[in-house]
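Just so it is clear, none of the values below were taken in a lab; they were calculated from the coordinates. The structure displayed is predicted, hence computed values, not measured ones. Don't worry about glycine lacking a Cβ; one is built from the backbone with ideal geometry, like all the others, and counts go over all protein chains shown.
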Amino acid sequence: MREVETDIQEGVDIVMIKPALAYLDLISMTREKFNVPIAAYSVSGEYALVKAAAMAGYIDEKEVTLEILTAIKRAGADMIVTYFSKGAAKTLNER
């Protein structure tokens, strides 16, 4: 939180938190404490984890992807930078 506060004092327009999934708590705390746009970056490792588990048949990739993105949004992110963008958009348009 000190780093976020320092960034804000230095004049940032948007606070970026990454990796998003591992830091849902920090996204939430930042939302509660500061009035600044929050971007969450779902890093390539999170994407690779979902892809590998789906290819192995352990998970439903579409459902898990939407759960991850929903969790990030519910934590307080205003925007999500993610490798899931195209697939999630396609899934949402199918619904």
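General remarks:
- Restricting attention to the range 46-66, the residues being among the β-branched types (Val, Ile, Thr), without any contact (Cβ under 8 Å) to a residue 24 or more places away in the chain and either in a helix (DSSP H, G or I) or touching a Gly at 6+ places or on another chain (Cβ under 8 Å) (or both) number 1.
- Matching residues, the range 67-87, being assigned to a helix (DSSP H, G or I) and under 8 Å from the mean Cα position of the chain (by Cα): 68, 69, 71, 72, 73
- Considering residues of the range 25-45 that are of a type in the set (S, T, N, Q) and in a helix (DSSP H, G or I) only, the residue farthest from residue 7 (Cα to Cα): 44
- Restricted to the range 36-50, and to residues there that are out of contact with any Ser or Thr (no Cβ under 8 Å at 6 or more places or on another chain) and within 11 Å of residue 76 (Cα to Cα), the residue that is surrounded by the fewest Cβ atoms within 10 Å (Cβ to Cβ) is 37.
- Test: residue 93 is over 30 Å from residue 8 (Cα atoms) and surrounded by fewer than 12 Cβ atoms within 10 Å (Cβ to Cβ): yes
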